[in-house]
1. Against the conditions (1) under 15 Å from the mean Cα position of the chain (by Cα); (2) over 21 Å from residue 17 (Cβ atoms); (3) free of Cβ contacts under 8 Å to residues at least 40 places away in the same chain, where does residue 110 fall short? Just the number, please.
2. Could we say that residue 5 is at pLDDT below 95, under 13 Å from the mean Cα position of the chain (by Cα) and in a loop (DSSP other than H, G, I, E, B) here?
3. So which residues in segment 19-30 are at pLDDT below 95 and either more than 14 Å from the chain's Cα centre (by Cα) or part of a strand (DSSP E or B) (or both), if there are any at all?
4. Can you pull out the residues in segment 126-150 that are under 19 Å from residue 110 (Cβ atoms), out of contact with any strand residue (DSSP E or B) (no Cβ under 9 Å at 6 or more places or on another chain) and part of a loop (DSSP other than H, G, I, E, B)?
5. Within segment 53-67, is even one residue surrounded by fewer than 22 Cβ atoms within 10 Å (Cβ to Cβ) and over 25 Å from residue 14 (Cβ atoms)?
6. Can you tell which of 85, 101 is under 23 Å from residue 10 (Cβ atoms), touching a helix residue (DSSP H, G or I) at 6+ places or on another chain (Cβ under 8 Å) and crowded, with 19+ Cβ neighbours inside 10 Å?
7. Starting from segment 119-132, take each residue that is touching a residue at least 12 places away in the same chain (Cβ under 8 Å) and list its partners that are outside any helix (DSSP H, G or I) and buried (at least 19 other Cβ atoms within 10 Å of the Cβ), counting only C-beta distances under 6 angstrom and pairs at least six apart or across chains.
8. Which residue out of 118, 110 is modelled with pLDDT under 95 and over 17 Å from residue 64 (Cα atoms)?
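The values are calculated or read from the model by the stated rules, or taken from the named source; none is laboratory data. Note that this is a predicted model, so its numbers are computed, not measured. Note that each Cβ is placed from the backbone with ideal geometry, even for glycine, and that neighbours are counted across all protein chains shown.
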């Protein structure tokens, strides 16, 4: 296991990380005493957070796996720091470009699909995209497709 990368995530990020490790959630957001837990797989909990209309600006987030797709959604959520148990180099780059502190336990080249046979379909959906709004639109389309809405 690689050493965690620390970039001043602060107490909220520490609380989110600890809660993620203890509660079995797939993603946890924390700001002061407010904790939000989500249990769906993949980027679906992040899409749900974006669709719920609540303001998540200033929260810190902890997620099991953070690739570029998730990183773009964290940018859209307005979080200030993200911890990934596993984080891709592309995610670190996206977060850094948008002034979001990044910490991780394991750094990887990319995120694989669940079968381990290739890249994650959500990562493929944002390949070559640099704009968070464009990435969000691409991820919405891919999520709808995977949910069978197309």
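1. Of the numbered conditions (1) under 15 Å from the mean Cα position of the chain (by Cα); (2) over 21 Å from residue 17 (Cβ atoms); (3) free of Cβ contacts under 8 Å to residues at least 40 places away in the same chain, the odd one out for residue 110 is (3).
2. Values: at pLDDT below 95: yes; under 13 Å from the mean Cα position of the chain (by Cα): no; in a loop (DSSP other than H, G, I, E, B): yes.
Taking the combined requirement at face value, the residue does not satisfy it.
3. 19, 21, 22, 23, 24
4. Passing the criteria: 126, 128, 129, 130.
5. So far as segment 53-67 goes, yes, one or more of its residues are surrounded by fewer than 22 Cβ atoms within 10 Å (Cβ to Cβ) and over 25 Å from residue 14 (Cβ atoms).
6. Working: 85 fails: crowded, with 19+ Cβ neighbours inside 10 Å.
None of the other options fit; the residue is 101.
7. Note: pairs meeting the criteria are 120/111; 122/43; 123/67; 123/111.
8. On the way: 110 fails: over 17 Å from residue 64 (Cα atoms).
So the residue among 118, 110 that is modelled with pLDDT under 95 and over 17 Å from residue 64 (Cα atoms) is 118.
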